[in-house]
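**Q** I have a structure here, written as structure tokens, and I will follow up with some questions on it.
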Amino acid sequence: MTSTHRLPLLAGLPLAVGAGLAIPLQGRINGALGARLNDGIAASVVSFSTGLVVMILISLLLPRGRAGLASILPAVRTRAFPRIYVLAGGIGALFVFAQSFTVGILGVALFTVATVTGQTVSGLLVDRLGIGPAGRKPVTGIRIVGCLLTIAAVAWAVSPRFAAGAGPGTASDGGPADLLLPLLLPVAAGFLMSFQQAMNGTATVHYGTPIAATLVNFVAGSVVLWTAYAIKLAVVGAGNPLPGEWWYYVGGPMGCVFIGLGALLVRSLGVLVTGLGMIAGQLLGSLALDVVLPAPGTVVAPATVLGTILTLAAIILATLPWPRGALRR
């Protein structure tokens, strides 16, 4: 079995935050592409397909990529890890589905809180079960408090968007019963994201490089999305033609960075800390986008800034090596 080097917390956590920074920009690009095509599934297919092309090129051109490519089939044949792990990319496809079909109903704010809640809870569970390559990590009182504070801080940071999102097609149109089913989908997608990172991290250890794990993810996700698009094409037909502007197609390569770093970092940080770092990066990236490249009608509210700062404080609380006995389990 090949192994990857472990990174110390002070090096790994900034990388997790940096990976999270790409998520809002990727969402903005994929959202714009979906609007241009008038087809959210087609935009997801384009994003995954461009990411797949990038990963194929990296795997063929880089020596480490070729070595990882050669190790995929032997690792799967010898059952070095459960074979279902090669389907981890399908979870990414589920997240894209959730984003495409529920943001218009729930609004961006409620969608964000739902996915962060699911991801944070499952991060604790996955670390406790020891599914990822970092092994079992205790569910201490400090970690639970840090997770609860993170969820509350994210809700506070996105709270200005609840009012801004009121209108046709948002959460304000229906009662609680009407929102239950749409709300469960992003919660489930967020919950499964921690399992995806654990699967990818374990596969990375056996492949010897996150390049191979990222490639397998994009293959699985692309198969799921192309299948869904073929069904949609047969039922309702195609949307608008592809745009000519190059920047519509960089969402997929950004996903390569996000998935690859996640697969690398869970071995060193564990699933929960990696997820919390990416959540922090996601909020910081959203805040930076709202300041530098604001969407029409965007206002940077004090709650957004203060909620982002509180999120960073909650993550520090959850990740610091507190002395044994602090807030007993």
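**Q** Of the conditions (1) among the small types (Gly, Ala, Ser); (2) touching a residue at least 24 places away in the same chain (Cβ under 8 Å); (3) in a helix (DSSP H, G or I), Ala234 satisfies every one except a single condition; which number is it?
**A** Of the numbered conditions (1) among the small types (Gly, Ala, Ser); (2) touching a residue at least 24 places away in the same chain (Cβ under 8 Å); (3) in a helix (DSSP H, G or I), the odd one out for Ala234 is (2).
**Q** Could you check Val257 against (1) touching a Phe, Trp or Tyr at 6+ places or on another chain (Cβ under 8 Å); (2) closer than 11 Å to Ala19 by Cα; (3) hydrophobic (A, V, I, L, M, F, W, C) and say which number it fails?
**A** Result: Val257 passes all but (1).
**Q** Just to check your reading of the model, which residue among Ala164, Ala188 is modelled with pLDDT under 85 and within 29 Å of Gly252 (Cβ to Cβ)?
**A** Details: Ala188 fails: modelled with pLDDT under 85.
Of Ala164, Ala188, the one residue that is modelled with pLDDT under 85 and within 29 Å of Gly252 (Cβ to Cβ) is Ala164.
**Q** I've got another one for you. Please state which one of Pro24, Pro8 is modelled with pLDDT under 90 and open to solvent by 70 Å² or more (accessible area, probe 1.4 Å). Walk me through how you get there before you give the answer.
**A** Working: Pro24 fails: open to solvent by 70 Å² or more (accessible area, probe 1.4 Å).
Selected residue: Pro8, the only one of Pro24, Pro8 that is modelled with pLDDT under 90 and open to solvent by 70 Å² or more (accessible area, probe 1.4 Å).
Conditions (1) under 25 Å from Ser59 (Cβ atoms); (2) in contact with an Asp or Glu (Cβ under 8 Å, 6 or more places away or on another chain); (3) hydroxyl-bearing (Ser, Thr, Tyr), marked per residue:
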| position | (1), (2), (3) |
| --- | --- |
| Val224 | yes, no, no |
| Val236 | no, no, no |
| Pro241 | no, no, no |
| Tyr248 | yes, no, yes |
| Gly281 | no, no, no |
| Leu284 | no, no, no |
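**Q** Here are some residues: Gly244, Gly221. Which one is modelled with pLDDT of 90 or more, within 26 Å of Ala32 (Cα to Cα), under 16 Å from the mean Cα position of the chain (by Cα) and not charged (D, E, K, R)?
**A** Gly221
**Q** Check Phe81 against each of (1) open to solvent by less than 70 Å² (accessible area, probe 1.4 Å); (2) of a type outside the set (Gly, Ala, Ser); (3) at positive phi and name the one condition it does not meet.
**A** Status for Phe81: all satisfied but (3).
**Q** If Val257 satisfies every condition in (1) surrounded by fewer than 22 Cβ atoms within 10 Å (Cβ to Cβ); (2) of a type outside the set (D, E, K, R); (3) in a helix (DSSP H, G or I); (4) at pLDDT below 85 but one, which is the exception?
**A** Of (1) surrounded by fewer than 22 Cβ atoms within 10 Å (Cβ to Cβ); (2) of a type outside the set (D, E, K, R); (3) in a helix (DSSP H, G or I); (4) at pLDDT below 85, only one is false for Val257: (4).
**Q** I'd like the full set of residues that are loosely packed, with under 15 Cβ neighbours inside 10 Å and either in a helix (DSSP H, G or I) or modelled with pLDDT of 70 or more (or both), limited to the stretch 314-326.
**A** Answer for the stretch 314-326, where residues must be loosely packed, with under 15 Cβ neighbours inside 10 Å and either in a helix (DSSP H, G or I) or modelled with pLDDT of 70 or more (or both): just Ile316.
**Q** When you go through Val305, Val299 one by one, which is the residue that is of a type in the set (A, V, I, L, M, F, W, C), farther than 22 Å from Pro14 by Cβ and at pLDDT below 85?
**A** It is Val299.
The values are calculated or read from the model by the stated rules, or taken from the named source; none is laboratory data. Computed from a predicted structure; not experimentally measured. Please note: Cβ atoms are built from the backbone with ideal geometry, for glycine as well, and neighbour counts cover all protein chains shown. Just the protein is used for accessible areas: all its heavy atoms, side chains included, with ligands, DNA and RNA removed. Shrake-Rupley method; radii C 1.70, N 1.55, O 1.52, S 1.80 Å.
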